[in-house]
1. Expressed as an acute angle from 0 to 90° and rounded to the nearest 10, what is the orientation of the C-alpha long axis of helix A:360-374 relative to the principal long axis of chain A?
2. Quick one: of A:K1149/B:K324; A:K308/B:K133; A:K287/A:K596, which pairs are farther than 29 Å apart, Cα to Cα?
3. Hey, what D do you get for the stretch B:132-188 in µm²/s if you plug the Kirkwood alpha-carbon radius into Stokes-Einstein at 10 °C and 1.306 mPa s?
4. Packing-wise, with mean Cβ within 10 Å as the measure, how do B:86-96, A:1090-1100, A:1040-1050, A:777-787 rank, highest first?
5. When you count, for each residue, the other Cβ atoms within 10 Å and take the mean per peptide, how do A:1104-1116, B:196-208 rank with the highest first?
6. Using only the Cα atoms of the stretch A:274-410, what do you get for the radius of gyration and for Dmax, in Å?
7. Taking only C-alpha pairs under 8 Å that are 6+ residues apart, what is the relative contact order of the stretch A:241-288 in percent?
8. Output the relative contact order of the stretch A:298-457, whole-number percent, from Cα pairs under 8 angstrom with separation of 6+ residues.
Amino acid sequence: MGRGRRFKKLYLSKIYTFTCGKKSLFNDEHSQIGSVGFSRVVLVNEPADKFENSSENNNNNNYADNVVCSTKYTVANFLPKSLFEQFRRVANFFFLVTGVLSFTKLAPYTAVSAILPLIVVITATMVKEGIEDMRRKKQDIEVNNRMVEMLKGSGTFERTEWKNLKVGNIVKVEKDEFFPADLLLLSSSYEDAVCYVETMNLDGETNLKLKQGLEITSSLHEYDFSDFKAYIKCEDPNANLYSFVGSMEFKEQVHALSPQQLLLRDSKLRNTDYIFGAVIFTGHDTKVIQNSISPPSKRSKIERKMDKVIYVLFFILFLMSFVGSVFFGITTKEDLKNNVMKRWYLRPDDSTIFFDPKRAPAAAFFHCLTALMLYSFFIPISLYVSIEVVKVLQSIFINQDINMYHEETDKPAHAVTSNLNEELGQVHTILSDKTGTLTCNSMEFIKCSIAGVAYGRGVTEVEKAMNRRNGLEFDDIMNSPDRKAPIKGFNFTDERIMDGNWVNEPHANVIRNFFRLLAICHTAIPEVDEDTGKVSYEAESPDEAAFVIAAKEVGFEFYKRTQTSLSIFELDPVSQQKVKRTYTLLNVLEFNSTRKRMSVIVKDEKGRILLLCKGADSVMFERLANNGREFEENTLEHVHEYADAGLRTLILAFRELDEQGYKEFDAKFTEAKNSISEERETMIEEVSDNIERNMVLLGATAIEDKLQHGVPNCIDKLSQAGIKIWVLTGDKMETAINIGLLREGMKQIIVHLDTPEIRSLEKGGDKTAISRASRDSIKHQLSQGAEQLTAASGTSEQAFALIIDGKSLTYALEDDMKNSFLDLATSCASIICCRVSPKQKALVTRLVKFRTGKTTLGIGDGANDVGMLQEADIGIGISGVEGMQAVMSSDVAIAQFCYLERLLLVHGHWCYRRISSMICYFFYKNITFGFTLFLFEVHASFSGEPAYNDWFLSLYNVFFSSLPVIALGVFDQDVSARYCLRFPMLYREGVENILFSWRPIISWMVNGFISSIIIFFFCSKAMEIQAFDKGGRTAGRDILGATMYTCVVWVVNLQMALAISYFTLIQHVLIWGSIVIWYVFLLAYGAMASSFSGNAYQVFAETLASTPSYWLLVFFVVITTLVPYFTFSALQMRFFPMYHEIVQWLRHKGKTNDPEFCAMVRQSSLRPTTVGSTARRAAKTNSLSLRGSTTDHR
Amino acid sequence: MSSSGAGAGSTDSTAARRNTKRPKYSKFTQQELPACKPILTPRAVISAFLLVSVVFVPVGVASLLASRKAVEIVYRYDSECIPKNVKNKVAYIQSSADKACSITLNVTKRMKSPIYIYYQLDNFYQNHRRYVKSRSDEQLRERSEENSTSTCKPEDMVNGKAIVPCGLIAWSLFNDTYSFSVNNRNLAVNKKGISWKSDRDHKFGKDVFPKNFQNSSIIGGASLNESIPLRDQEDLIVWMRTAALPTFRKLYGKIEEDLNEGQLINVTLKNNYNTYSFNGKKKLVLSTTTWLGGKNDFLGIAYLTVGGLCFFLALSFTVVYFVKPRQLGDPSYLSWNRNPGGH
């Protein structure tokens, strides 16, 4: 392949009857060229730099270059923009205000000690933002530096980076390369300038699209371009993928351009060795980039809730300040009555405004500001930055997970944005793309039924998954050592047919016809390797390739196609020799979605005219001749079996035509083909329809749309975890249905618009009538579905699957219907939407997101999924394939769908746990600390004097309590990864948001208040008035403050130690380290000059350390403070254990290998799962046992 | 675990390929560090509670014993030391009359030297922000900083001259005085060493002398001897270390002599300090100390209470665990099963 050989004399465009390029090209839109919106002018092959002075023709220079930039900041705007972003957060803004206020006299502490933590916090966040943006920049650079061959001034094609492309350049794109910009197709390796394009990245459709250049340029070759000049006028850049209006002036003639000539950036050249194209749109002007909306900044649910909690804290803060101010105002006012001073030592007669009894309201107001500053320790200043740091570290762990590394593509998991980690643990609905995400987009011929006999012993992924779950050591044929090297597209083994053995089968004749049909009835092109003689095929769709390959492997080798004939080698049953047969190709009756079949009419060497047809069972069985139904019953049964196994089936049939009949058909067909009226296609269809009748059934094929490794298993685990999976695919309904999401006995509710009435209306072409009828039809179908559901809900837990196609979805998503649609959808076990456009994917995602209010996860691999990924709460990109669009707009990129299991169940679960306990803990520790300040205020007539030294205050959040909490956020595990995967039910904790609902949040807050009260009460009572040590001195403010502070540091750190369930060395170091740091700080700070340390001067070294009562008191207070929490968790563990605690318990008891216990724990749900192989197996055993019981009764 | 497509087995091939993006395996990056994973098993819970009570009860007993050993005599004199006929106590205390007063303390238990003398004030907010901030540490420490009185308002200057020591704290220095006699024999009161050493050495200068003190229109509290440097004015030093709570004791001096049970101490005091404006009480306290400090049963009782509580908890948990063991993995308590509707 790719040897630069031309397919001589092969005009691909001739093979196609319907779809090929040359439709009516001139239409109304072309008249708009040159007007507003259609003003682009491209001078092909006249790069701008040559014309620097000639302003008239220098249009190319005005257009954007081909550099793509997705970064948020530039060097210049980084500082202001990121600062602005920072202070948009309420908490940060609050701290900014208090920071500014702390420079005034209002401040209860020194300004530096207040502003420093803020600076630390803001800087850390900004550094993190900067690093993330740098990474984005790197990715941009990677894309911008991809290589492409571009025509240089010298007249030769040289490789250059994508970013260097300018509008008007001519480039050569080779097979399987992406187009670097939107190109105008000039010529290709085919004579008629045809090329195949895979647009999966754009619209998700897997079949190849045929594009064709203008005839006038089709003969241009590599060396003709140096003096090729053309003048193109076309529309301005826009986001519409399917339109292109323009004209090209070449050799003094104007030719109209259509989308047929436009090759879009990020689509891929397939089955064509190379093409030449002229650059029309570059960089941000390209349609694909125009289509991509700027990535929305997503915030996780937890963070949004956290904001709410912070508002609650703010409320408490304001309340405390207000209450304090009222009391302060009253006491201040009373200090001076009728010029008599009450608290004379405060000199109320000669006071500043802040304490002036004569202006008590003003004093109270200012006091309120002071109190806000003082109690601001209620608001965890370092919470945001800690969360960001923690999330970055969590992302590193995700990136580093060796179990999510894909060896073949050398891709590890990659968390693109780090701020959604915990959201991964709360996914309620997964919206998944199919092709390339669930499947590998490769088709394998796996089974067939010929003459009513089933052949093929291959095992599908779905079956494998089920067998694995069954615990059966399935000795499948795939693993037998004598198996031949796998052939792409062929996974068929059956010794009855292989190696020519088919001749000994009872219906050898039918078998021959069967494979002959497979070898002939297609539009693939063979490519013979001249050295080895091996044949490979270029087919429009992988299914088709699979058929031709299957035929070849069995012994019907298609090796040559000409304009009018097909040649195959086939085994002669009599002579056992390979003989060459040539069939004259008379007509091709194309496949399309309404016909659901394709036929070819050929004449064999004996002059027989054969119609060979393959198609969907729904249309084929009705077209059989009465004498052709010999195998119908058996075949039908096999087809159902295959469909249940998740395979795509086609029915094969043929018909022998007599000369006369064919001639009549040919005449009509040619007439229909040549007609130019609007009816053309209907006419062709009608003619074809008439000939494709009275056929003889040969058999059926089963193709496996190969699922990615481990997909069924993964889906099974995910549904056990209670996650709902929607499949949104651009593919057709048939191909979309069977992917392992369905199981036997599952009732399907199919919503579609393929009804006769609608079709007849469509022929009429009255758009309003169509839409009205469609709307009614959908409404009716939806309500019927709902009825079915309610009818079934009473009886047993019947699982339903909803299948809806894109056209119906348009109506179902309308305002008046979307609620009933969603209600229906949410009560179905699986939902499949087929033929949905990228936009619809996004719309569905949005609908699910807003209506259910639950977390949605979008997963996809192509640019057509971008909308969905951005709309969903979390977007996951599959990075296994080459396309970068999805990955770039995703939040996490993984190489394979099956890694989703680990990503969600392990990392998601952990991150959710970590973040939520971390936030709760943050609230706890700040309330514990902040409330002691308030309690002290109560005893200081609310004057606003802090209980602690300034630097104790400001360093609390930075040093003495922040590191263990970060360790909690990064390292804590309730159970290890192994158990997360073994007990997917654990994930429910995240979906139900058990760990971060108001209950735990408030419990932690209450715990904080209790701790704080205990600390303050015991410290103040124990140190009250009597001598503090043997030396008889009493404890002043300095000693009480330091003691209380010591208690707080101990308590919050030990509380942490109690709360976490995973102690590595790191936790030990950080928890005990924080306490040690406090003492070290106390010593060091106390040793500084007294002008700096104030009342903390030598407070530890001189007074506390040598005093037994200090140590005894701290010991007592710390233990006592922990008792309530400890009792509470012991009770909870005993009476209301959470799921993870049950699993922990199980692990602790060493019962994890006891299947009975595991089953009990695993089934800890009253609601059964309805999707996935486990459910499938359960259903099977159920029906078996049912069957068994009924026989017993007889 | 099915997703482990790239197992550990392929490590060898990794070494061969340099540019692979394969994450490096380490227990740390894979989050498999050896860890201790404590859970609250019945045994752990019960032993924790028992341990706490086993430690707490003896400590409590010891503390209580220590507290009981300390002897304390508290005598409130603020109302008693105002002549009965005085209506306006504030006016009386602000007058320049001789406010000497005599009281008798009864030694209820033998007190071993040193016996500490405290004055106890009540409802006095030494922790008020205006009060606490109203001092100049620079000025107290160094003679050259005499004029840095900006933080001391309104007691910063008098007649344009800086007050040393400035500020409200110093200005309101406690000025009741006590002298003690037993059987008409004066007891010596040692006022040295009643303050913290670090204060004397580093916070109050030895060359800083009081100046212009108590010279303003309103006299606050005690005056200072201008010939004694601040570092030797220990009453001031003690007073300047502000109390944390509105009820506080401050050390007045020491009696370095044992007092026997039943002895009567005559105290002659000068009731100068105005606590009447703000309804504060004044008490005179004589107390001995132990290794734990002065007399306060609180810590001991608290230790005993919590120790007892933990013992009780340990007992009840034992009972619960043994009488009604719950079946492992009983799912009916799980939140999503408790309200099946809310999914």
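The values are calculated or read from the model by the stated rules, or taken from the named source; none is laboratory data. In this text, all values refer to a predicted model and were calculated from it rather than measured experimentally. A quick note on method: Cβ atoms are made from the backbone with ideal geometry, for glycine too, and the neighbour counts reach across all protein chains shown. Just the protein is used for accessible areas: all its heavy atoms, side chains included, with ligands, DNA and RNA removed. Shrake-Rupley method; radii C 1.70, N 1.55, O 1.52, S 1.80 Å.
1. The helix A:360-374 is inclined about 60 degrees to chain A.
2. A:K308/B:K133; A:K287/A:K596
3. 123 µm²/s
4. Numbers: B:86-96: 13.3, A:1090-1100: 19.8, A:1040-1050: 25.6, A:777-787: 17.5.
Taking the mean over residues of other Cβ atoms within 10 Å, the ranking is A:1040-1050, A:1090-1100, A:777-787, B:86-96.
5. So the peptides A:1104-1116, B:196-208, ranked by packing, come out A:1104-1116, B:196-208.
6. Over the stretch A:274-410's Cα set, Rg and Dmax evaluate to 29.8, 101 Å.
7. Working: 33 pairs, mean separation 15.7, N = 48.
Across the stretch A:241-288, relative contact order equals 33 percent.
8. 20 percent
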